[in-house]
1. Gly85: surrounded by fewer than 19 Cβ atoms within 10 Å (Cβ to Cβ), part of a helix (DSSP H, G or I) and over 17 Å from the mean Cα position of the chain (by Cα), yes or no?
2. Consider Leu78 carefully, then state whether it is in contact with a Leu (Cβ under 7 Å, 6 or more places away or on another chain), surrounded by 21 or more Cβ atoms within 10 Å (Cβ to Cβ) and at pLDDT below 90.
3. Looking at segment 38-48 only, could you name the residues that are surrounded by 13 or more Cβ atoms within 10 Å (Cβ to Cβ) and either among the basic types (Lys, Arg) or in contact with a helix residue (DSSP H, G or I) (Cβ under 7 Å, 6 or more places away or on another chain) (or both)?
4. Does segment 38-45 contain any residue that is more than 30 Å from Tyr221 (Cα to Cα) and modelled with pLDDT of 90 or more?
5. Determine whether Gly67 is touching a helix residue (DSSP H, G or I) at 6+ places or on another chain (Cβ under 6 Å), surrounded by 14 or more Cβ atoms within 10 Å (Cβ to Cβ) and more than 20 Å from Gly209 (Cα to Cα).
6. Name the residues in segment 137-155 that are more than 16 Å from Arg49 (Cβ to Cβ) and surrounded by fewer than 19 Cβ atoms within 10 Å (Cβ to Cβ), would you?
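The values are calculated or read from the model by the stated rules, or taken from the named source; none is laboratory data. Every value quoted in this text rests on a predicted model; they were computed, and no experiment measured them. Neighbour counts run over all protein chains shown; Cβ positions are idealised from the backbone, glycine included.
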Amino acid sequence: MILESLERLGDWATYWLGDIGRMGRFLGAAVRGVFRPPFRFRALLGQLREIGANSIGVIFFTALFTGMVLGLQGYYTLRKFGSEGMLGSAVALSLLRELGPVLTALMVTGRAGSAMCAEVGIMRNSEQLDALECMAVDPFRYLIAPKLLATVIAMPALTMIFNVVGIFGGYIAGVELLGVSSGAFMSGMEGSVVDRDIVMGLVKAVVFGVVVVWVCTGRGYFVHRIRGAGFGAEGVSRITTQAVVISSISVLVWDYILTAVLL
């Protein structure tokens, strides 16, 4: 019994160490593919449209109601201390430092990351990736690099849109609905937000973008080597779910690490 347990433990550890190694090599190959000519500008523009422009709708509504909730919750919390005038500062800092980049990454993961994982997974199962390799076409440069570069470009832009719309939502809730002074809201925000807060959010957005593309495309690329994934449509659906879950958790973990480093 003890030997069987040790064998299972060793098998589990070997599998996950191998999986981590594969994902590490995958990230390195994807980054190298970004800098290897010829550059596929048309593919990059298509991915910017798919990942960036097509995500603006969900980002807008998520940001608007997140900002309004922050305005409501912040108002009733600050009112206990007689500090309603600091509502603008609370809303802006919460969005710029934390909620903006994190919620943007989670929305992009659910909308675009799942699609990337399914696309690459289907290409693997249908042997399209093998066909590219047989034709001496680097799948990382051809397929993964445009997604990586487009996400790194789109994530900071989407995060800034999220921040602006979220602050507007907080203004609506705090000033228009609850009667906070407009001047106090704007002056509090202006007096507390510094360049470092904005830079922190943008750095997080770039890192989260790399994490999302890395995990989602990597799980799809290795769908045939992931234990318990299965084959065909069922395997792709399972691995897509796994990719979204791992990406979301990874975003939260990296959010803590970056906050600890950058604060």
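1. Numbers: surrounded by fewer than 19 Cβ atoms within 10 Å (Cβ to Cβ): yes; part of a helix (DSSP H, G or I): yes; over 17 Å from the mean Cα position of the chain (by Cα): yes.
Answer is yes for this residue.
2. Numbers: in contact with a Leu (Cβ under 7 Å, 6 or more places away or on another chain): yes; surrounded by 21 or more Cβ atoms within 10 Å (Cβ to Cβ): no; at pLDDT below 90: yes.
Judged against the criteria, Leu78 is not a match.
3. Passing the criteria: Arg40, Ala43, Leu44, Gln47, Leu48.
4. Initial filter on segment 38-45 (more than 30 Å from Tyr221 (Cα to Cα)): none.
There is no residue in segment 38-45 that is more than 30 Å from Tyr221 (Cα to Cα) and modelled with pLDDT of 90 or more.
5. Numbers: touching a helix residue (DSSP H, G or I) at 6+ places or on another chain (Cβ under 6 Å): yes; surrounded by 14 or more Cβ atoms within 10 Å (Cβ to Cβ): yes; more than 20 Å from Gly209 (Cα to Cα): yes.
Against the criterion (touching a helix residue (DSSP H, G or I) at 6+ places or on another chain (Cβ under 6 Å), surrounded by 14 or more Cβ atoms within 10 Å (Cβ to Cβ) and more than 20 Å from Gly209 (Cα to Cα)), Gly67 qualifies.
6. Val137, Asp138, Tyr142
For (1) under 15 Å from the mean Cα position of the chain (by Cα); (2) at pLDDT 90 or above; (3) not polar (S, T, N, Q), each residue gets a yes or a no:
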position	(1), (2), (3)
Leu103	yes, yes, yes
Gly110	yes, yes, yes
Met116	yes, yes, yes
Leu132	no, no, yes
Met135	no, no, yes
Pro146	no, yes, yes
